[in-house]
Amino acid sequence: MDALNLALELILMPLVAFVVGLFMVLMMRKIAARIQRRVGPPLLQPLYDIIKLYGKQTQISHGLVHDIGIVMAVGGYVAAETLLPVPGMDGLADRGGLITLAYLMMIPSLGLALGVGQCANPNGSIGIARALTAMLAYDIPFVIVIFGVAWHYGTTNLADIIALQQAAGPGGWGAATMPLLALAGLFSVHAMLGKQPFEIYVAPAEIATGPMVEMGGKFLGGLFVMQTFQFYTAGVLYA
Amino acid sequence: MTLLDLLLLLAAATGALAWLLGRWSGAGVLAALLYAGQLALLGAMDGNTAASPTFRVLGQTIAWSLDPFGRFFALITLGAAIASAWFMAGEWGRRYAQAGHSLRALHGTLAINVLAMLLLLASSDLVSLFIGWELVSWASFLLMAQGGGAAVRAALRYVTYAMGGAMAVLGGTVLAYAWTGTLDLGLLAERLPALEPGRLWLLVALFTGGFGVKMGLLPFHLWQAPAYAEAPGPGTAFLGAISSRMGLFAIALVLARLVTLEGLDGLQILPGQFGVRDLLAWVAAFTIVLPTFTALKQNDARYLLAWHGIGQGGYMLMGLVVGDAMGSAGGLMHVFNHATYQAALFLSVYAVIHRTGTADLNRLGGLVVRMPLSFLTMLVGIIGLAGLPPMNGFVSKWLIYRSLMAEGMPLLFVASVIGTLGTILSVYKLIHNTFLGQLRSEHEHIREAPWSMTGPMLALCAIVFVTGTAPGLVLGWVADAQAALGLPVLRYTLGGVASAQGGLDMLWIVGVLFGGFGVGALLFYGGGGRSRRVHQLDNYAGGHFLSADVRYQYSDNFYAGLMHRIGPLYRNAFTWLESALVSAVDLAALAMQGVYRQQAPAFLLLMTAVAGLAWVVL
């Protein structure tokens with residue numbers, strides 16, 4: 001793999017993640033809508049939302065750390081995508097494996113927590129306190145799953161794990177050989193995304209959306225971008 | 001005159017000069033320069049350096065020599081001393097002296113601590129180890145007791161524990177001599193593994209328990225948090241950074257070099273299932289989890305950090321006990337990493353205390369706008385303490401996790417991760433309550449800490465970041481230390497570890513991380529309109545208008561939901577154990593008093609006669 005190829009992969013992987021993530025957000029909203037007997041938003045709605053938020057005239061900032069928090073939230077995921085191999089692109093998977101990826105995924109949360117901290121709103125701080133407590137809860141099954149996967153395949157290199165599963169066929173997939181772990185992983189990844197019923201950290205009626213209370217405009221737009229990455233990363237990692 | 005002689009002489013000279021010149025305004029700078037000189041001497045050493053003075057006792061030679069393992073710890077000791085001396089060189093030291101404390105005593109005891117630690121690290125037989133151990137305990141006591149009042153009480157508690165530990169170590173030394181006939185570490189390494197398991201068990205228990213007291217291993221950890229937290233500023237940074245790791249040095253020396261890990265494998269509780277190594281790994285696991293969650297409840301920033309210091313020691317022991325190349329490298333590297341970010345964190349807390357007068361987390365807030373450099377230091381420190389990339393804490397924790405995965409120890413792995421998660425929660429509370437949130441009106445005009453204080457803080461941050469990006473710099477010393485201990489040596493690269501089962505290259509990871517941040521910054525600052533900075537009172541309050549006299553900060557009982565769930569689990573069990581032990585000793589003392597203060601000695605004579613008769617007859 002020469003330098004040009006690698007550079008191309010490093011640029012493409014986050015881009016692919018963003019686009020696929022947009023579709024995953026759309027899918028979530030469409031399915032929720034259909035269950036509620038609505039039509040749901042059009043195809044490009046998540047993109048329109050992000051553009052709208054960026055285009056707002058009023059952008060409130062509570063300080064540099066507030067800005068840096070959003071930068072870290074988006075940037076951390078952009079970096080994490082390069083460690084997540086997809087068909088055709090391995091990126092940096094061999095230079096940091098499962099453990100590194102799991103920890104890199106904590107950096108956006110930390111950035112968000114710092115940004116919310118400087119917003120100086122107790123609703124936001126309570127939201128972060130709850131988000132961190134929830135993280136304590138879902139990360140424990142998550143690391144058990146990671147341990148199980150790494151122990152089973154004897155490696156933390158994601159590219160190797162993918163290769164081993166592909167070589168073994170559907171009977172050798174992780175979900176088939178370790179069904180209980182797969183189930184646990186499903187729950188913990190769901191909690192990681194913070195969607196119902198794990199959305200205690202948002203609690204819109206109680207603490208005014210928690211961390212997002214003082215986030216508007218491009219700040220919220222940045223969080224939307226982070227959400228697309230989150231969905232993508234969680235989905236691909238689980239797969 | 002070998003390099004080690006020069007080093008020890010210079011350390012002694014530093015101690016003397018610190019005492020004599022302590023009140024002079026340039027004393028801190030002089031002390032820092034002298035420690036740097038010691039560091040230079042250390043850097044010039046190679047292989048095993050012996051000291052000239054030796055003497056013979058009972059046919060045994062007592063000597064001192066410094067091997068790469070000792071040099072690794074000495075490097076950390078001197079680095080911590082430089083940072084501490086630099087910190088108190090300027091305004092902090094002046095304010096300390098003006099408050100009526102003795103700056104010369106602080107400088108002097110710091111230098112004496114360094115000398116004592118160097119003597120301990122250079123021991124080459126059990127007697128010099130014990131001498132060094134006692135000196136280190138005494139020197140630590142001096143440093144802890146500087147604060148007066150609560151500090152003295154905490155220091156006396158420490159000394160009680162330390163004396164108990166030292167007696168255990170002395171007992172172990174005597175037994176080792178009695179059973180092997182030698183005190184030299186090299187000869188002991190040959191003869192100890194050949195001892196029968198029962199005797200080896202006793203030795204391991206005595207040494208690990210005795211040295212574990214200093215390290216703060218459960219259940220001997222209760223003294224550490226108050227003693228470290230109440231010590232004066234840079235003293236706490238020094239103690240927290242390296243002092244308790246002297247215990248780890250000694251334990252590693254005994255377990256890895258003397259008994260050897262293979263020898264430990266011969267000591268089984270449930271043969272094949274659970275041996276002494278598993279026991280030690282579980283002690284380490286509990287040392288990780290329980291103090292971390294105790295730290296979560298603390299409201300004083302110094303106590304919070306001190307409790308974390310206890311917990312991180314568990315990681316070091318766990319890495320060492322698991323014993324493969326990655327694990328022991330992780331454990332040893334964690335000593336270095338922890339020293340850097342713990343010192344940085346303590347110094348930033350003391351900078352905040354210097355400006356605001358309090359470390360109470362419920363009386364601070366929003367200081368990021370007034371003290372940005374202290375915030376940056378604390379941020380780098382907490383990322384390191386939590387073990388997140390790109391700081392060095394991540395690399396050592398990665399090594400430990402990988403070794404636990406490779407050895408197939410899921411429960412220990414989960415315990416380590418629980419410790420990390422608890423740390424993340426706790427340090428976020430620390431930085432949020434101190435630097436984020438609403439700024440109090442009484443703190444609106446405070447300034448950043450002076451350069452004499454922010455200098456060492458930023459230098460430590462730079463070290464944390466650089467050794468995180470290029471861990472190979474530290475792994476070189478770690479590999480030498482592993483070789484000196486007889487442990488399997490890690491194959492490392494500048495960026496980390498290259499391994500067929502998934503390696504780590506921090507250069508790439510940090511590079512791509514900052515690339516990601518660049519992209520994020522481009523999207524944020526390049527896209528959308530300009531953001532408008534608003535005052536902290538311009539905030540959502542459900543329709544109310546905020547005013548500066550009403551506190552709008554969430555800080556007390558920060559993890560209310562979590563505490564509601566796990567609150568009942570905090571049973572102060574170890575405190576109860578300690579007070580039970582104290583009561584038992586009190587009772588025994590009372591009984592002894594009763595015996596010695598008989599009004600009618602004839603009664604005692606009668607009792608003794610009856611007891612003797614019973615023994616003879618029965």
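Tabulated data
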quantity: Cα convex hull volume per residue for the range B:398-479 (Å³); calculated: 127
quantity: Rg/Rh (Cα only; Kirkwood hydrodynamic radius) as it applies to the range A:17-71; calculated: 1.12
quantity: Difference of contour (0.36 nm per residue) and Cα-Cα distance, residue B:262 to residue B:593; calculated: 114.4 nm
quantity: Accessible surface ranking that places the most exposed of A:94, A:49 first, with a 1.4 angstrom probe; calculated: A:94, A:49
quantity: Contact order normalised by residue count of chain B, Cα under 8 Å, 6+ apart, percent; calculated: 12
quantity: Cβ-derived FRET efficiency at R0 51 Å, residue B:36 paired with residue B:530, nearest 0.05; calculated: 0.60
quantity: Long-range HN-HN contacts of residue A:89 with modeled amide H, under 5 Å; calculated: none
quantity: 5 Å binning of all Cα-Cα separations within the range B:195-249, expressed as whole percents from 0 upward; calculated: 4, 20, 22, 19, 14, 9, 6, 4, 2, 1
quantity: At 1.002 mPa s and 20 °C, Stokes diffusion of the range B:397-538 via Kirkwood alpha-carbon radius, µm² per second; calculated: 109
quantity: Per DSSP, loop trypsin sites (Lys or Arg not before Pro) in the range B:482-571 with at most 12 further Cβ within 10 Å; calculated: B:530, B:571
quantity: Low-density loop positions, GluC sites (Glu not before Pro), the range B:373-478 - DSSP coil, at most 15 other Cβ in 10 Å; calculated: B:444
quantity: Rg ratio (alpha-carbon, reference 2.2 N^0.38 Å) - the range B:448-501; calculated: 1.56
quantity: D_trans [Stokes-Einstein, Kirkwood Rh over alpha-carbon pairs] for chain B, 4 °C, 1.567 mPa s, µm² s⁻¹; calculated: 50
quantity: Rg in Å to one decimal, and Dmax rounded to a whole Å, for the range B:482-539 via C-alpha atoms; calculated: 21.6, 62
quantity: Calculated diffusion of the range A:99-157, Stokes-Einstein form, Kirkwood radius summed over Cα pairs, 4 °C and 1.567 mPa s, µm²/s; calculated: 100
quantity: Fraction of the pair-distance distribution of the protein assembly as shown above 54 Å, Cα-Cα pairs, percent; calculated: 15
quantity: Solvent accessible area, Å² - residue B:564, 1.4 Å probe, full protein context; calculated: 140
quantity: Net length gained if the chain between residue B:61 and residue B:25 were fully extended (0.36 nm per residue, minus Cα distance); calculated: 8.6 nm
quantity: Ratio of the Cα radius of gyration of the range B:1-56 to 2.2 N^0.38 Å, where N counts its residues; calculated: 1.30
quantity: Charge dipole magnitude, Cβ of K and R +1, D and E -1 - the protein assembly as shown, Cα centre, debye nearest 20; calculated: 1840
quantity: Over the range B:104-165, relative contact order from alpha-carbon pairs under 8 Å, at least 6 apart, %; calculated: 29
quantity: Where only C-alpha atoms are counted, convex hull volume of the range B:104-201 per residue in Å³; calculated: 78
quantity: Projected label distance in nm at residue B:5 and residue B:500, using a 7 Å step from Cα toward the beta-carbon; calculated: 5.1
quantity: Estimated distance in nm for a label pair at residue B:560 and residue B:545, the labels positioned 7 Å out from Cα along Cα-to-Cβ; calculated: 2.7
quantity: Extension gain from residue B:98 to residue B:462, taking 0.36 nm per residue of separation minus the Cα-Cα distance; calculated: 127.9 nm
quantity: Amide H partners (placed H, <5 Å) of residue B:125, local residues excluded; calculated: B:63, B:185
quantity: Ratio Rg/Rh [Cα only; Rh per Kirkwood] for the range B:474-618; calculated: 1.34
quantity: Residues of the range B:569-591 with amide N under 18 Å of the 7 Å Cα→Cβ point at residue B:167; calculated: B:578-591
quantity: Cα-based Rg of the range B:534-577 normalised by 2.2 N^0.38 Å, two decimals; calculated: 1.93
quantity: Exposed-site-free run, longest, chain A (rule: trypsin sites (Lys or Arg not before Pro); DSSP loop; at most 16 other C-beta within 10 Å); calculated: A:57-194
quantity: Equivalent ellipsoid dimensions for the range B:266-343 as semi-axes, Å, which come from the Cα gyration tensor, largest first; calculated: 27, 16, 6
quantity: Debye equation applied to the C-alpha atoms of the range B:389-438, log10 I(q)/I(0) at 0.15, 0.32 Å⁻¹; calculated: -0.51, -1.12
quantity: Over the range B:6-151, volume per residue of the alpha carbon convex hull, in Å³; calculated: 107
quantity: Signed unit charges on C-beta, dipole axis of the protein assembly as shown, positive-most listed residue A:226, B:274, B:416; calculated: A:226
quantity: The protein assembly as shown: Lys pairs at Cα distance under 18 angstrom, eight or more positions apart or on different chains; calculated: 4
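The values are calculated or read from the model by the stated rules, or taken from the named source; none is laboratory data. A quick note: this is a predicted structure, and the numbers were derived from the prediction, not measured. Note that we place each Cβ from the backbone using ideal geometry, even for glycine, and neighbour counts take in every protein chain shown. Side chains are part of the model used for accessible areas, which takes the heavy atoms of the whole protein and leaves out ligands, DNA and RNA. Shrake-Rupley method; radii C 1.70, N 1.55, O 1.52, S 1.80 Å.
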